[in-house]
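Colleague: First the structure, which I've put down as structure tokens, then a few questions once you've had a look.
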């Protein structure tokens, strides 16, 4: 379906003033492909695609792999899954209409999930029964995925469902909270990585094999010039020749050829290894297997008594076939492919021995794979499904064991009993973020995060975030550094500061993450293209002159002598659509290898194909795109545009602009600004800024208060910040339009004068115009949620909402707000100490009600009281039920705030500042038109920060204001300063953007011209009202009797260790005593001078006397320590003496 | 005392603020404006009266521009500041919300209402007294009464329009009262207010009828009562009677050496239209030796015709060819005022109003001084 809204962006005339009829030049207008791409792919398409792939393909594969449940007791019995599919999201408590909307789930604290159905076939008695539709659990559904009710909905249909059309989706709703499964970055699986430690003389080639059944890591390692195989199942390193022999390559000559070819240097290096093997007396495969078998760790418990103990040969065969390098399949004990694989690993080690430059770079993005929601869910589901089947089998066995059954055995009933297992497992994992899978020994925490709804940008930024498995605490620079191979794939600016710097990354605008593609058709194509099967070829040929080995997903399968032609042929097929567009192919000349990748998790991006020095996308195509005759997918299927992954991108010659195309160019960039991500794309003229400033803005853009979604007033979030009058920026970027930030902006266009004013603007402080604040500048709202559930207790009693307490016919003061229903009414002002929900809890929640054990029927008040120092208004009151049918009460309160001293503001260039003073309009400088600035910014903010982009934003913004249109500050493009200067001149302003200002205080002109114009300012969430705190006296902690900590507990202000050190150094002992004891936890104790123990009431219990008891002041914490020591049988005696002896 | 002969430059410095490429020079007047050491500039009403001029450029009802010539910047600025923040005007201050089921929150709606510029009978507005808001010292404040509070109401409910065409998507046609405008505010006179604000054009109402206050959908309604009081801009910008009041100094362009031919055309484009004219160099000028016009008879030369129109963009200073040929400045005591009224008073009245306020302030100052001396 054609979505009018999306096309609209394309047709808008203000894209450099172009409309349908305007002439098109490929050089200028090829960016039109970008909105077309985003229309098809969207910003969070990687999540949604991955989830769709899981639901539609993976799920079926998992069930296919585990389709039979058999019984150990009854051989005839079987239960077979014939199909699996996911329904559409529905209510558990279906009453009539059972389709559920995401917003209902948010409001009612429910899980947005759809039932998973299977078709089964099983034995009942003597007959085979088929059940076509059995629910086995509920799967949380990703919003906007194919199973979501929002998929393919138009904007108006979304409005009916109370959903924001601009919301990206790609997250889950579990128990009412929005959860995102972050993209995880990992080293790629099933690929050989060669590393070296030159100091120790160690070179190792390692491979992490991963299949559905098993995960293992194998090493080929060079130690003291000899090469060994190392693996977890082996007790010790095994000489490599021995391993190859065990795999059936018994001839030393053949081994030598497979490993070193006919290269004398490599042959010499490798030959020592034969000695090693010969010394051990291993010559045949049988001997090798015996040797190996003896060194295999037996971790498996003997399964039952029936299982036979295997001999060493069998152990070794088993390990070689299915544990070591598991991802290379061994069919019918044909070890040839695996032997070849090992031989290649050895060869890589040999190559690295000679040339240390041949090591692989772990940080190279081509060696990384991204794990998405779908993959993680499929692991989880597989685990749960297997456990489900296992439990089912145990249950069935238990019943079938019984010789006489009263009823005919029906396995279906047993399935129903386990119904909740999968549902709960999924929910638990997503809501806690703990991915604990026993099978893969995977124990990952923090996989999911609550979707940050601080602003539209923060939500969007979270969806493009990539977290690394790397440890944060380690101080290494390698993984954190910006890799050249990240170009165009990951945003160079958007990364947090501090410990996670460089480890948490964000996707660039046009990236896509691949899903798994079938290998088999690709292999077929390889042979169709004339490559020879590698299994049949000797090492002499494999490493011969001009021969290139073809690897598919890291496994060698074929050989070609015309790699370039092969590559071109393969690409031609891909451009024709004969293989998936996400299959990548590239040549590695160092390794004499052609690599083809079809695996999932590769990052890739679209580029325009260049053939014979000409871009394949021409003006004609772009014209058709604008008219809507062509879609982005048509560009793909016609081979005008193709996806390149990192490896293939690094094997290509990509021109950035059409004018840069030369005869060797293979591709053309669609638009250079797509190297930035969605968040960095908000910055105008980022290419003129000092790079860290862009990074700072990326962090701050997420804290800006603005509009968060079109349904923002229909949501009840724990904490929600909204701006009353948000504006779209005067200087926008193409990215802003594409991510629709101009529809949900977070900031206002402030007229800024860059000048010094009053001294209240030092250290980045801002001067605000009071009249601007009066008129609504920086005004924001804070919504808070207060929720409670009316619980049911085991004895049948439950919480209730009670009546307000009345005195003389009027409600008591703190119940003044309550209506007759016991809840505060919408519109009421709630002040500190007032009750807004008059909850009551039964006094007796445990009595069974049986016999005489009635207990009381009374209730105790457990009201919810408003605690904040500043009053709020009740915005919404919601009464509903959770899935467990407990009554749910939610009250949302609202505060409207105008800017005050100390509130934090920031421009889009990492320039934050707090309000230093709010000045009268009359006191502010004004220009010839009488325009007064909203904000005065100190010019000292510029020289050291070098945010030239901010100055350009001001000039462009001013030109835009004067000419009545919006200007562009797109990265590597945007409105040119020269044009902007000319507009300013034409409108009677100075070309430089500097105006003649008159002081509002003296009425005289300012002695210099002032840089004056609009800059987009964001109000950040850090506001004084939420932080302001002071205390003289107040609550104390029960245990230590010291003042409490933190604003929320009205805590004291701590005189910390360092402050203490200062006072000690200064010698202010009395002040120290006052701060640390008298004002904190002074406590008077009675101490017996004879025994040194503490007594009470002038009496020493130890000495049974009051003779030597004296009173003394000590900190309560010290008293506590002494008593705690006492409780541990450590006696501390207090010896007292005079401070000033006579 | 004899006045010493002053050089051209000195005179210029006294008269003009210098406009240079990157700086503005001679910005400040002295502590005793118009006085110079060794010269007699003793103040006399006669002299002041002769020097003071007021010339109107345009005087629309709500948008006036005039030159105030012959006063010091401090005085001119005082008028500007008073106009912005001290001339009282009427605005909505208290909003009592009986019912508001619209999408727009109570506080935001109240804020919007407060900013609506009101207008009404001027005599009545002048008759209105201050309403003292309750403060911490005086928690009572004034009692709302006819002489200090104007009551307005807004009662709107949205409903479906049965007459709307099928398939209509425009909410204003589909529903009644989908948009709430400022003209829907109703005035409820009390007591003597009926005498002052009885005529249709004298009633208290929004100056702009089509300010959008809120949007409604069927079933939603707004029912509220507003109390308008007199206040000053220093308290809240809504009480400011001017959209803006400001002044600029009269631009002064001096062509020091002739600008001829193509340069003259370029020079003309450096200024807004009508500032610079092109004239032919006359025989007479060409014949004057040392004028710079020798041998340029018939060529175009640039002449300043209307510096009032100049926006002081300093564009001409950017080009090397005009270096040393032109000198820009602004006349120190020539203030081109621009007063834009929000609609409660006429612009020219407002200025007089500001003069009155200043007068009252001066009198208060004088009284305070006198009592201090005692």
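Colleague: Is it true that residue A:540 is farther than 25 Å from residue A:189 by Cβ and buried (at least 17 other Cβ atoms within 10 Å of the Cβ)?
Modeller: Taking the combined requirement at face value, the residue does not satisfy it.
Colleague: Is at least one residue of the stretch A:1013-1029 surrounded by 15 or more Cβ atoms within 10 Å (Cβ to Cβ), more than 28 Å from residue A:898 (Cβ to Cβ), more than 14 Å from chain B (Cβ to nearest Cβ) and touching a strand residue (DSSP E or B) at 6+ places or on another chain (Cβ under 6 Å)?
Modeller: No - not one qualifying residue is present in the stretch A:1013-1029.
Colleague: I'd like to check which helices (runs of 4 or more DSSP H) are fully inside the stretch A:361-468 and have at least 3 residues that are modelled with pLDDT of 85 or more and within 24 Å of residue A:496 (Cβ to Cβ).
Modeller: Of the helices (runs of 4 or more DSSP H) lying wholly inside the stretch A:361-468, those with at least 3 residues that are modelled with pLDDT of 85 or more and within 24 Å of residue A:496 (Cβ to Cβ) span A:456-463.
Colleague: Considering each residue of the stretch A:572-590, count those that are in a helix (DSSP H, G or I) and surrounded by 19 or more Cβ atoms within 10 Å (Cβ to Cβ), and give that number.
Modeller: 2
Colleague: The conditions are (1) more than 19 Å from the chain's Cα centre (by Cα); (2) more than 30 Å from residue A:580 (Cβ to Cβ); (3) in a helix (DSSP H, G or I), and residue A:476 fails exactly one of them. Which is it?
Modeller: Evaluating residue A:476 over (1) more than 19 Å from the chain's Cα centre (by Cα); (2) more than 30 Å from residue A:580 (Cβ to Cβ); (3) in a helix (DSSP H, G or I) leaves (3) as the failure.
Colleague: Filter the stretch A:937-955 down to the residues that are assigned to a helix (DSSP H, G or I), under 16 Å from residue A:1014 (Cα atoms) and either free of Cβ contacts under 8 Å to residues at least 12 places away in the same chain or more than 33 Å from the chain's Cα centre (by Cα) (or both) and list them by number.
Modeller: Answer for the stretch A:937-955, where residues must be assigned to a helix (DSSP H, G or I), under 16 Å from residue A:1014 (Cα atoms) and either free of Cβ contacts under 8 Å to residues at least 12 places away in the same chain or more than 33 Å from the chain's Cα centre (by Cα) (or both): A:939, A:951, A:952, A:954, A:955.
Colleague: Of everything in the stretch A:834-866, what is at pLDDT 90 or above and outside any strand (DSSP E or B)? Give them in sequence order.
Modeller: Scanning the stretch A:834-866 gives A:834, A:838, A:862, A:863, A:866.
Colleague: Return the residues of the stretch B:118-163 that are out of contact with any strand residue (DSSP E or B) (no Cβ under 8 Å at 6 or more places or on another chain), at pLDDT 90 or above and either surrounded by 14 or more Cβ atoms within 10 Å (Cβ to Cβ) or at positive phi (or both); say none if nothing qualifies.
Modeller: B:121, B:122, B:124, B:127, B:146, B:147
Colleague: For a quick check of your reading of the model, give me the residue pairs whose first member lies in the stretch A:1114-1131 and is assigned by the TED database to the domain that holds residue A:1085 and in contact (Cβ under 8 Å) with a residue 24 or more places away in the chain, whose second is surrounded by 15 or more Cβ atoms within 10 Å (Cβ to Cβ) and part of a helix (DSSP H, G or I), with beta-carbon atoms closer than 7 Å and at least 6 apart or on different chains.
Modeller: Partner pairs satisfying both residue conditions: A:1115/A:1077.
Colleague: Of all residues in the stretch A:717-737, count the ones that are surrounded by fewer than 21 Cβ atoms within 10 Å (Cβ to Cβ) and farther than 19 Å from residue A:778 by Cα.
Modeller: Qualifying residue count for the region: 2.
Colleague: Still on this structure: Please work out which residue is surrounded by the fewest Cβ atoms within 10 Å (Cβ to Cβ), limiting yourself to the stretch A:423-469 and to residues that are under 12 Å from the mean Cα position of the chain (by Cα) and more than 30 Å from residue A:784 (Cβ to Cβ).
Modeller: A:469
Colleague: For the stretch A:758-776, how many residues meet the condition of being within 15 Å of residue A:902 (Cα to Cα) and either in a strand (DSSP E or B) or within 14 Å of another protein chain (Cβ to nearest Cβ) (or both)?
Modeller: 6
Colleague: Can you give me the number of residues within the stretch A:142-175 that are at positive phi and surrounded by 20 or more Cβ atoms within 10 Å (Cβ to Cβ)?
Modeller: Here the count works out to 3.
Colleague: Restricting to the stretch B:268-291, name every residue that is in contact (Cβ under 8 Å) with a residue 12 or more places away in the chain, part of a loop (DSSP other than H, G, I, E, B) and out of contact with any helix residue (DSSP H, G or I) (no Cβ under 9 Å at 6 or more places or on another chain).
Modeller: B:281, B:282
Colleague: Give, as residue ranges, the strands (runs of 3 or more DSSP E) completely inside the stretch B:1-101 that count at least 1 residues that are surrounded by fewer than 16 Cβ atoms within 10 Å (Cβ to Cβ) and either at the interface with chain A (Cβ under 9 Å from one of its Cβ atoms) or in contact (Cβ under 8 Å) with a residue 24 or more places away in the chain (or both).
Modeller: Because the criterion is at least 1 residues that are surrounded by fewer than 16 Cβ atoms within 10 Å (Cβ to Cβ) and either at the interface with chain A (Cβ under 9 Å from one of its Cβ atoms) or in contact (Cβ under 8 Å) with a residue 24 or more places away in the chain (or both), the strands (runs of 3 or more DSSP E) in the stretch B:1-101 that meet it are B:53-59, B:63-69, B:89-100.
Colleague: Can you pull out every residue in the stretch A:777-809 that is part of a loop (DSSP other than H, G, I, E, B) and within 14 Å of chain B (Cβ to nearest Cβ)?
Modeller: Listed by number, the residues that qualify are A:777, A:778, A:779.
The values are calculated or read from the model by the stated rules, or taken from the named source; none is laboratory data. As the structure is a prediction and not an experimental result, all values here were calculated from the model. Neighbour counts run over all protein chains shown; Cβ positions are idealised from the backbone, glycine included.
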